[in-house]
Every structure is written in C-alpha cells, then in structure tokens.
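Everything below concerns the one structure shown next.
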Amino acid sequence: MSNVKALPLLERSEAPVAAVPCCPPLSERPFTAEEAERTARMFKALGDPVRLRLFSAVASHEGGEACVCDISDVGVSRPTVSHHLKKLKEAGLLTSERRGTWVYYRVEPSVLAAMGQLLAVR
C-alpha cells in the first residue's frame, strides 16, 4: 500500500503580474524611511554612467532583453560589465536568465512604469 498522494497542479496565470511601484510620486507625500532606502538604491545604481548606459542598452534593445554579449561594449572590461550588471540587478532594475553560456538581461516594463510614476508631477 502506497502513501503517495497526487497533488493538483497549479495553472500559471497568463496575465502578467504588475509590480507595485517602489514609492508614491514625489509630489504626493513624503517618503517613508523604507521607501527612501529602496528609491535611493535604485537611483544610486543609475548614478554611474556605465550602469546608466547598460540599463539604457537593455531597455532599448529589441524585445526588451539583451544578451550580455550584445551590450558589453561600454568602454570597460567584461568583468567590470558583470559587476555593474550585478549592481543593477541588486537594485531591482534588471532581471536575468542564463541560456547556455550567455546571460540575458531584461528591464521589466513595470520597473520603467514605476520610475516614470515616481517622477510624475500631479
């Protein structure tokens, strides 16, 4: 007699899940300490010219994602590119997926929308 019990499979939702913006628009209300920390990390990551170029390269790449092999020509060594991409990921600005030997980076549309909302004047 077996104690194995079949569990039902969960269906994946086809609708994308929208990310909650990091914080309200600047003109809405003062930030909480936590909101200020998250937002500062995001802007600090983008405060470096190489990181800003990498972020822009990924965001503007066809299909909204880019292989590291396509965006690494930013005037620094490949290990330095990897370091900067890691910092962008840690700040929540990029996601990545390994495919074979290459890593593909994506800027989630919800991140760009949240950044735009943050700076929107009401």
Problem set entry | Restricting region 16-114 to GluC sites (Glu not before Pro) in coil, as DSSP defines it, with at most 16 other Cβ within 10 Å | GLU28
Exercise. At what distance in nm do the modelled label points of VAL103 and ARG53 sit from each other, each positioned 7 Å from its Cα along Cα→Cβ?
Worked result: 1.9 nm
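Every read-out reported here was derived from the displayed coordinates using simple, explicitly stated rules and does not represent laboratory data. Just so it is clear, the model here is predicted, and its values are computed rather than measured. Cβ sites come from the backbone with ideal geometry, for glycine too, and all protein chains shown count toward neighbours.
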